[in-house]
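No value in this document is a laboratory result; all are computed from the given coordinates. Note that this is a predicted model, so its numbers are computed, not measured. With ideal geometry, Cβ positions are generated from the backbone for all residues, glycine too; neighbour counts draw on all protein chains shown.
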Amino acid sequence: MHAMRTALAGALLAVCAAPALAGTVTVITSFPKDLTQAYKTAFEKANPGITLEILNKNTVSGIAFVRETPAGQRPEVFWASAPDAFEVLGRDKLLAKSADIANKDVPDKIGSYPINDPGGMYLGQALAGYGIIYNDAIMRAYFALPNKAVKINSADEINNFATLKAVVEDMQKNKAALGIQGVFASTSMAAGNAWRWETHLVNVPIYWELREKNIPFGEKTRNFDFTYSAQMKNIFDLYLNNSTTAKGLLGAKSVDDAMAEFALGQAAMVQNGNWGASQILGVKGNKVADKDIKFMPIYTGVKGEEKIGLCVGGYLPPGGVTQFLTWLFSSPSGKAFVKNDLMFITPFNTFADNELPTDPLAKDVIRWMNKDGVTSLSWDFSIIPSKEWKNQMAAALGDYIAGRKSWNEVAAHGADVWKREFDLTN
Amino acid sequence: MQKSIQKYAALFVLPALTCFVIAFLVPMIMGVVLSFFRFTTVLDGHFIGMENYRRIFIDREFTNALIFNIRFTLISVVTINLGAFALALLLTAGIKGTNVFRTIFFMPNLIGGIVLGWIWNLIINGVLYSKGMTVVSDPKYGFWGLVVLMNWQNIGYMMVIYIAGIQNIPVELIEAAKIDGAGQGTLLKSVIIPSIAPSITICTFLTLTSGFRLFDQNLALTAGDPGKQTEMLALNIFNTFYGRTGFEGVGQAKAVLFTILVALIALTQLAFSRKREEEAA
């Protein structure tokens, strides 16, 4: 039985507390202009008389824009890739409730994850998963080696940390034979590029601790003890010690660098989500065949992790709010954009099977979602008290890599700052 | 004539005064007032007294940035001024090609801070790469990288001020000193340095304040990495205000403290240097 840990991502939409201006729909989004321009053209063609105004800003400036714009002139839709922005906007009372216009045919929860904000402040649009992405061609080459040190014969058989570690360390020894520079792509630690660790990886210990303490999903807690920090150290050390890049150079590596290493066949594995597909397929000189791009869960050495499966969650568009959103999720041209350009997984009933995504990672997320007997990990990092906590974690992990902090100090720092940030934000 | 100028004085002052009030006075007053408020937009907040100032010290970020900044400024003020003065002496000694060198030394000052930061980021990383390190691997690389960058940018500018000072020394004075038997050392100590006291004052003032106000170079070279250990005051204030939700007021309070601090240091230094100038005169 294979375990898979993925988490929800994808795009989220929120309706700002502002009345719609007749004839104009304003959307503020962090998605790039070359993508949204195509939406604008197609939408306006399908809906003559309505102008779609799209403001392309990164999430932080988007929030600032909404805050600084007087009521009545604010954009109608805030379209972001993670729920953090909505927490901030919600706290400032800049969002309007939109639950009553949600699609009634869609269930409240998929798995343990509520599709929409329980408070009705924002609605989900798509789902995504993350785990360890691996290049199966390199894995097959490894398992075909005459001198391999493990008994298993395929990457599918890896279902716990001990096995993963044995495979990875043996692969690293044979990196010359496999034609790779390291098993794992760079553990990117450049400023603004540590989110794969301070948010996504840290989700693993948070998940296990919350389950152990019987804290239900989504409930905030002041006490995070980092009970499973040793397990996080397991996998983090594995990333660092079997990498394409020397530890001292990681501070200058970005996520793009890591994804490029994977795409160019220099690394066999990289921790990321299915949104990374475009970064693999889009890299010039990409050497990884679509069929060889696969997911495995992030194993850390927790007892029973063999039974952990995919997190299934989804976000639903607030269909009735604007013609734009209805168009986006129900019209053929709108749906084609969601599937092909955004590469989102859209589990909604407005999407037929043949409209589901075709990129390899999104397909693999669906494969894991449909596996029997596996329970998915939820996206518990949404209860991290603040962005500052993540920054502090990134700094502490950087210190650990450079040898300025021991792992125990990293864990203690994480637990201390959690309390402080919880008190500051609650 | 005199009378009509007086009559219309207010009218002529008005444009400049308007700009000053809008661009400086109002933001400054609002800034100080807002440091006592919890706010998200500048026109929407509520009074919370000294809470923002208390929150500055809930972690060691601001103190660390302050200590880092003081160390950086002390070292760069000394190195820049020594370097600039040495160059100025060399380039007033009548060596061939003086003008070319002056231009070359001045040029880094014409490049923007962000670009400078990136250039030095490439250079330093290029050197450290062979050791398996980068400029953000260890805070001491960032520290010395910033010192080098700051020197590279400012030495040329300060050099020009020192050259002007040295050229203003009357030739007779130097000749008289030489006739009286002054050697190079005595000439430097007793004639040149006292005569350029005003240049020293202005150069120290400029380097001291720009050391504390450094922002774009800091952002481009290290962005405060590793883990905010090379973050200076200006960058820390920016990151607090824009990077930490709910901390806008704290960022503002830090900015107020920062202004007071820099003003105090600069005024003390000015008073001190002026006094020395008077003594020298």
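Legend: distances between Cα atoms for A:Lys151/A:Lys173; B:Lys254/B:Lys275; A:Lys213/A:Lys303; A:Lys173/A:Lys287; pairs beyond 24 Å are B:Lys254/B:Lys275.
Between helix B:2-20 and chain B there is an angle of about 60 degrees, using the helix long axis and the longest principal axis of the Cα atoms. Peptides A:70-80, A:380-390, A:275-285 ranked from most to least packed, by the mean per-residue count of other Cβ atoms within 10 Å: A:380-390, A:70-80, A:275-285.
What is the calculated FRET efficiency for A:Glu68 to A:Thr24, with r their C-beta to C-beta distance and R₀ = 22 Å, to the nearest 0.05? Efficiency, rounded to the nearest 0.05: 0.65. Need one word for segment A:143-275: rounded, prolate or oblate. Basis is the Cα gyration tensor (sqrt eigenvalues a ≥ b ≥ c); a/c below 1.5 gives rounded, then a/b vs b/c decides. Judged from the Cα gyration tensor, segment A:143-275 comes out oblate (a/c at least 1.5, b/c at or above a/b). Along segment A:229-235 the Karplus relation, 6.51 cos²θ - 1.76 cosθ + 1.60 evaluated at θ = phi - 60°, assigns HN-Hα couplings of 5, 4, 5, 5, 4, 3, 6 Hz to successive residues, with x for each Gly and Pro.
Shielding by partners for peptide A:386-392, expressed as the average number of C-beta atoms from other protein chains within 10 Å of each residue's C-beta, is 4. A Förster distance of 51 Å, applied to the separation of the beta-carbon atoms of B:Ile260 and B:Asn168, puts the FRET efficiency at 0.90.
Between B:Ile123 and B:Glu279, the distance separating the two model label sites (each 7 Å from Cα on the Cα→Cβ line) works out to 3.7 nm. A:Lys307: which lysines have alpha carbons under 17 Å from its alpha carbon, excluding same-chain residues fewer than 8 sequence positions away? Answer for A:Lys307, where 17 Å is the Cα cut-off: A:Lys371, listed by chain and number.
By the rule of a C-alpha distance below 25 Å, with chain neighbours fewer than 8 residues away ignored, the lysines paired with A:Lys284 are A:Lys33, A:Lys175, A:Lys253, A:Lys294, A:Lys339, A:Lys363. So if we plug the beta-carbon distance of A:Asn214 and A:Asp423 into 1/(1 + (r/R0)^6) with R0 = 22 Å, what FRET efficiency do we get, rounded to 0.05? Given R0 = 22 Å and the Cβ-Cβ separation, E is 0.45. Peptide B:242-251 is shielded by partner chain Cβ atoms: per residue, an average of 4 of them sit within 10 Å of its Cβ. Centroid-to-centroid, using Cα positions, segment A:37-52 and segment A:175-240 are 42 Å apart. Residues whose amide H comes within less than 5 Å of that of A:Met296, counting only those at least five positions distant or on another chain, are A:Ile132, A:Ile133, A:Tyr134 (H built at 1.01 Å from N in the peptide plane).
Over the Cα atoms of segment B:2-51, the radius of gyration divided by the Kirkwood radius equals 1.31; this is the Rg/Rh ratio.
The alpha-carbon of A:Lys387 sits under 17 angstrom from the alpha-carbons of these lysines, leaving out residues fewer than 8 places away in its chain: A:Lys220, A:Lys419, B:Lys228. When you work out D = kT/(6 pi eta Rh) for segment B:220-281 at 10 °C and 1.306 mPa s, using the Kirkwood radius from C-alpha pairs as Rh and the Stokes-Einstein form, the result is 116 µm²/s.
Model label sites at A:Asp372 and A:Ala166, defined 7 Å from Cα along the beta-carbon direction, differ in position by 2.7 nm. Each principal axis of the Cα cloud of segment B:58-280 was taken in turn, and the coordinate range along them, longest first, works out to 68, 43, 25 Å. The distance separating the Cα centre of segment A:358-426 from that of segment A:136-169 comes to 27 Å. One chain, two ends: A:Val60 and A:Ala137. Fully extended at 0.36 nm per residue, the span grows by 23.8 nm beyond their Cα-Cα distance. Specify the angular offset, from 0 to 90 degrees and rounded to the nearest 10, of the alpha carbon long axis of helix B:233-243 from the longest principal axis of the alpha carbons in chain B. So the inclination is approximately 30 degrees. Counting only other chain Cβ atoms within 10 Å of each residue's Cβ, the peptide A:393-402 averages 3. Could you tell me which trypsin sites (Lys or Arg not before Pro) in segment A:151-243 are loop residues by DSSP with no more than 14 other beta carbons within 10 angstrom of their beta carbon? Taking segment A:151-243 and a limit of 14 other Cβ atoms within 10 Å, the loop trypsin sites (Lys or Arg not before Pro) found are A:Lys151, A:Lys213, A:Lys220, A:Arg222.
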